[in-house]
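Everything below concerns the one structure shown next.
The values are calculated or read from the model by the stated rules, or taken from the named source; none is laboratory data. Being a predicted model, the structure only gives us computed values, none of them experimental. Positions of Cβ are backbone-derived with ideal geometry, glycine not excepted, and every protein chain shown enters the neighbour counts.
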Amino acid sequence: MSQLTVAKNKFTQLCENLNERDFEAFKGFLVDSLDLGCGHDHHHHHDEPTVDSAKTSKLDRIIDHLRSSVNVYAEAPEENIVYPKEGKFDGYTNKNTIHVDGFLYSDDVLPEFQQSGAIPTSYCKDCNSKNISDLNFISHSFSTQDLDYVFSKHVLGRYNLTDLTIMDVGSRLGAVLYYAHLFTSTKKLIGVEINPFFAKLQQTTLNKFKMQNRVQIINEDFLTLSQTINECDILIMHNVFEWFCSQEEHKNVWYKLKNQVLTKKGLKLLCCPPIGQSLSDAGIKDINIDDWVKVIPLTSDDSVQIDAERQSDFCLYEIK
């Protein structure tokens, strides 16, 4: 192992052991020291890894920890998945669909797990035949590329998050929380997760990686948290209800959201899929979205790593 590799590993370990306040102070010291040359004639190049590489390394370690904590499908024990019978996912069944968590298995690493056989790619339509077809893949978590976009200047990064509180509804493994804690200055992050297994896993992970500050995990039904919701500035909702309740229950949820829960004027909602699609999938035709929220246009440029089709899954709203 080269001296450079050893130095990088020691540096990364040092950064991971610092709490956020000390890390920010150390980062300032480091930048100042590098500018002064640290007593050596080293030159700073903009294409060299920055302190953010330590944060990226920490996120990778979190992902490795979570992979070892859940099964390959990232499902909780006895979790009940309900396959939508209408809309975009019509025809998806437990036979032709698998859940591959986008946070744990990004497009960069997924082929490796598929080639090893850990994650299947196809299924047999008829037992013991050669009539096979590709599996449908569904994720209930954002990928790191999704999160890069979500917290970029094109979406939530347009706001000064230092004074804001963000709630992730159905926080599951905690992808939004870990990413936002590492790469943003968001004042407070709240993860609401009704499943006790996932809520405990998130808290354990936060404790393990010393990320408890600024993050709160609430193991309750989101629909009962009106007071907490009203203390938030931004809510993130990703596939929150579609795969976990019947269409009739899904319909009732949206009526309650519109009339009782999401009523705070000025509250921002980042939804994936957009509200219109969710209402359509629930069979709702009598909620006028324009009377409830206004759309905040999102932007894009060549720096965005997700394609236009994926970008169209995101929509930012403000409650009127």
**OP:** Only residues in the range 164-189 that are farther than 26 Å from Y105 by Cβ count as the first member; pair them with residues that are of a type in the set (A, V, I, L, M, F, W, C) and in a strand (DSSP E or B), Cβ under 8 angstrom, at least 6 apart or cross-chain, and list the lot.
**Re:** L164/I234; T165/L189; T165/I190; T165/I234; K188/I166; K188/V215
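Results for (1) under 23 Å from the mean Cα position of the chain (by Cα); (2) at pLDDT below 95, shown as yes or no for each residue.
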{"position": "K251", "(1), (2)": "no, yes"}
{"position": "C272", "(1), (2)": "yes, no"}
{"position": "P297", "(1), (2)": "yes, no"}
{"position": "Q305", "(1), (2)": "yes, yes"}
Original post:
So, of the residues in the range 124-158 that are surrounded by fewer than 16 Cβ atoms within 10 Å (Cβ to Cβ) and of a type in the set (S, T, Y), which turns out to be modelled with the lowest pLDDT?
Top reply: S129
Original post:
On the given criteria, is Q227 surrounded by fewer than 18 Cβ atoms within 10 Å (Cβ to Cβ) and free of Cβ contacts under 8 Å to residues at least 24 places away in the same chain?
Top reply: yes
Original post:
Hey, does the range 153-171 have a residue that's in contact with a Ser or Thr (Cβ under 6 Å, 6 or more places away or on another chain) and of a type in the set (S, T, N, Q)?
Top reply: yes
Subject >> Pair list, Cβ under 7 Å, 6 or more apart: the range 47-64 residue within 15 Å of A175 (Cβ to Cβ) and modelled with pLDDT of 85 or more, other residue part of a loop (DSSP other than H, G, I, E, B) and of a type in the set (A, V, I, L, M, F, W, C) >> reply: K58/F209; I62/F209; I63/F103; I63/L104
**OP:** Confirm whether S278 is farther than 28 Å from R310 by Cα, out of contact with any Gly (no Cβ under 8 Å at 6 or more places or on another chain) and either touching a residue at least 60 places away in the same chain (Cβ under 8 Å) or not charged (D, E, K, R) (or both).
**Re:** no
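Per-residue answers, yes or no, for (1) in a helix (DSSP H, G or I); (2) of a type in the set (S, T, Y); (3) not assigned by TED's automatic domain parsing to the domain that holds P297:
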| residue | (1), (2), (3) |
| --- | --- |
| Y149 | yes, yes, no |
| A180 | yes, no, no |
| T205 | yes, yes, no |
| N213 | no, no, no |
| I217 | no, no, no |
Original post:
In the range 167-178, how many are assigned to a helix (DSSP H, G or I) and touching a strand residue (DSSP E or B) at 6+ places or on another chain (Cβ under 6 Å)?
Top reply: 2
Original post:
How do the pairs read when you match residues in the range 2-20 that are over 13 Å from K58 (Cβ atoms) with residues anywhere that are exposed (fewer than 15 other Cβ atoms within 10 Å of the Cβ) and modelled with pLDDT of 80 or more, using Cβ under 7 Å and keeping only pairs 6 or more apart or on different chains?
Top reply: none
Original post:
closer than 20 Å to L147 by Cβ and without any contact (Cβ under 8 Å) to a residue 12 or more places away in the chain, is that true of D302?
Top reply: yes
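Please determine, by comparing only the residues of the range 73-87 that are hydrophobic (A, V, I, L, M, F, W, C) and under 15 Å from R172 (Cα atoms), which one is surrounded by the fewest Cβ atoms within 10 Å (Cβ to Cβ).
Top of the filtered list is I81.
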Original post:
Restricting the range 159-194 to residues that are surrounded by 24 or more Cβ atoms within 10 Å (Cβ to Cβ) and among the acidic types (D, E), which is nearest to C272 (Cα to Cα)?
Top reply: D168
